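Below is one structure, written out as structure tokens; the observations come after it.
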Amino acid sequence: MLTKQEALRELVFDSLQELRGFVYRIELQSFTKGQKLVIVFSNFFALQEWSKKEASIIERMREPYKQRGLKNVAVFHKVVAEAQGQNRFYKERSKGEFEILSNNPAIRAIFEEIKNTIKENLERERV
């Protein structure tokens, strides 16, 4: 019989594919609406990859979760990813509300993307 931690580890590793080598820790934490599965990556770049592929990875988790009967072993309502040491040294001060003064369309596009990323990150922190 698998322990809760072993079952979660297998589920995450089977679902992550190319990111599994960057997993630092997997844990189940309680929060106000139940429990959340926390995946801690060893570096920020793995976390960025997770962010790009989060929806598809969570979808890949659903089927093995059902097949393996994990609802009887480990119930969680949310999946959260972090990077080891995340937010220890840097706190975003910008709100993503700044004027872009460049007339170069390529540079304007880059700064628009930066603005959107800041706003998305701030929104994710609120959830």
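The values are calculated or read from the model by the stated rules, or taken from the named source; none is laboratory data. Predicted model only: the values in this text are computed from it and were never measured. In this analysis, Cβ positions are derived from the backbone assuming ideal geometry, glycine residues included, and neighbour counts consider all displayed protein chains. Surface accessibility is based on the protein's heavy atoms, side chains included, excluding ligands, DNA and RNA. Shrake-Rupley method; radii C 1.70, N 1.55, O 1.52, S 1.80 Å.
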Of the residues in segment 24-74, those that are open to solvent by 60 Å² or more (accessible area, probe 1.4 Å) and part of a loop (DSSP other than H, G, I, E, B) come to Thr32, Lys33, Arg68
Within segment 1-23, residues out of contact with any helix residue (DSSP H, G or I) (no Cβ under 8 Å at 6 or more places or on another chain) and assigned to a loop (DSSP other than H, G, I, E, B) come out as Met1, Thr3
Looking across segment 1-23 at residues that are open to solvent by 50 Å² or more (accessible area, probe 1.4 Å) and either of a type outside the set (D, E, K, R) or under 12 Å from the mean Cα position of the chain (by Cα) (or both), the single one that is nearest to Asn121 (Cα to Cα) is Phe22
Of the residues in segment 98-127 that are among the basic types (Lys, Arg) and under 18 Å from Val80 (Cβ atoms), the one that is surrounded by the most Cβ atoms within 10 Å (Cβ to Cβ) is Arg124
Just one listed residue, out of Arg93, Arg62, is among the charged types (D, E, K, R) and modelled with pLDDT of 90 or more, and it is Arg62
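Each row is one residue, and each column tells you yes or no for (1) more than 24 Å from Gly21 (Cβ to Cβ); (2) within 19 Å of the chain's Cα centre (by Cα); (3) not charged (D, E, K, R).
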residue: Ala55; (1), (2), (3): no, yes, yes
residue: Phe76; (1), (2), (3): no, yes, yes
residue: Gly85; (1), (2), (3): no, yes, yes
residue: Arg93; (1), (2), (3): yes, no, no
residue: Leu101; (1), (2), (3): yes, no, yes
residue: Thr117; (1), (2), (3): yes, yes, yes
